[in-house]
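Since the structure comes first, as structure tokens, the remarks are kept for the end.
The values are calculated or read from the model by the stated rules, or taken from the named source; none is laboratory data. Computed from a predicted structure; not experimentally measured. Backbone-built Cβ (ideal geometry, glycine too); neighbour counts: all protein chains shown. Note: areas computed on protein heavy atoms with side chains; ligands, DNA, RNA excluded. Shrake-Rupley method; radii C 1.70, N 1.55, O 1.52, S 1.80 Å.
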Amino acid sequence: MMRQKKGQFTQQQLCELSLPIVARIKPMLAGVKTIVAYYSLPDEVDTHGFIDWLIAEGKTVYLPKVISDEYMVLCRYTGAESLCEGVFGIMEPVGEELLADEAIDVVLVPGMAFDGEGNRLGRGKGYYDRFLKSLTNPRPKFIGVCFDFQKVDMVPTEPTDVKVDVVV
């Protein structure tokens with residue numbers, strides 16, 4: 001159902017719908033040093049320019065890189081030139097990996113749908129749930145990022161699902 005809703009919009013319309021979402025996120029990142037973002041797919045809230053803005057603001061930005069059928073690691077993003085096409089056609093960073101002891105302040109989490117309780121429906125592989133579950137010491141703030149039409153009354157959940165703290 002959500003794929004059909006996304007398909008009703010042109011790429012240009014989705015980019016325009018992304019602007020106020022990104023504008024709502026920016027103030028939430030004041031004082032934040034290290035951010036895990038995502039390099040958006042064509043049907044997601046566009047983060048490309050936003051990530052470059054974060055870098056220009058002096059933030060340290062990491063993006064996910066898929067390394068197996070189950071896991072992803074975080075690599076530092078330094079600019080579009082530090083990306084190459086990875087698994088599933090997603091642009092992934094080729095920079096240095098996040099050190100185990102480096103603190104993450106915020107994780108921007110994409111999803112197919114979110115509900116008011118912070119439940120998230122992903123794309124079905126579980127990468128983000130496994131990754132988010134591993135962030136415990138200290139646990140960063142999880143911000144779900146989606147278009148307004150992706151906010152639903154209830155997302156079906158499983159015990160392995162990880163909630164986000166806020167949905168923008």
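Brief remarks follow.
Rundown of residues vs (1) over 14 Å from the mean Cα position of the chain (by Cα); (2) open to solvent by less than 20 Å² (accessible area, probe 1.4 Å), yes/no style:
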site: MET2; (1), (2): yes, yes
site: CYS15; (1), (2): yes, no
site: ARG24; (1), (2): yes, no
site: ILE35; (1), (2): no, yes
site: TYR38; (1), (2): no, yes
site: LEU41; (1), (2): no, no
site: ASP46; (1), (2): no, no
site: ASP52; (1), (2): yes, no
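- Test: residue in the range 45-55 that is part of a loop (DSSP other than H, G, I, E, B), more than 19 Å from PHE142 (Cβ to Cβ) and touching a residue at least 24 places away in the same chain (Cβ under 8 Å): yes
- Test: residue in the range 143-151 that is in a loop (DSSP other than H, G, I, E, B) and either loosely packed, with under 14 Cβ neighbours inside 10 Å or out of contact with any helix residue (DSSP H, G or I) (no Cβ under 9 Å at 6 or more places or on another chain) (or both): no
- For the range 76-106, a residue qualifies if it is over 23 Å from LYS163 (Cα atoms) and open to solvent by less than 20 Å² (accessible area, probe 1.4 Å), and the qualifying residues are TYR77, GLY79, SER82, GLU92, PRO93.
- When the range 35-49 is filtered for residues that are touching a Lys or Arg at 6+ places or on another chain (Cβ under 7 Å) and of a type in the set (Asp, Glu), only ASP43 remains.
- Number of positions in the range 60-73 that are in contact with a helix residue (DSSP H, G or I) (Cβ under 8 Å, 6 or more places away or on another chain) and open to solvent by less than 30 Å² (accessible area, probe 1.4 Å): 5
- Within the range 138-149, being farther than 20 Å from LYS26 by Cβ and either at pLDDT 95 or above or among the hydrophobic types (A, V, I, L, M, F, W, C) (or both) holds for one residue alone: PHE149.
- Consider the range 116-138 and keep the residues that are assigned to a helix (DSSP H, G or I) and of a type outside the set (Ser, Thr, Tyr). The one that is least open to solvent (accessible area, probe 1.4 Å) is LEU132.
- Verdict on LEU19 being at pLDDT below 95, within 17 Å of the chain's Cα centre (by Cα), more than 17 Å from PHE142 (Cα to Cα) and surrounded by fewer than 18 Cβ atoms within 10 Å (Cβ to Cβ): no
- From the options LYS5, LYS65, residue that is closer than 20 Å to ALA113 by Cα and not in a loop (DSSP other than H, G, I, E, B): LYS5
- Residue pairs meeting the criteria (Cβ under 9 Å; at least 6 apart or on separate chains; first over 16 Å from ILE51 (Cα atoms) and among the hydroxyl-bearing types (Ser, Thr, Tyr), in the range 78-96; second open to solvent by 40 Å² or more (accessible area, probe 1.4 Å) and not in a loop (DSSP other than H, G, I, E, B)): none
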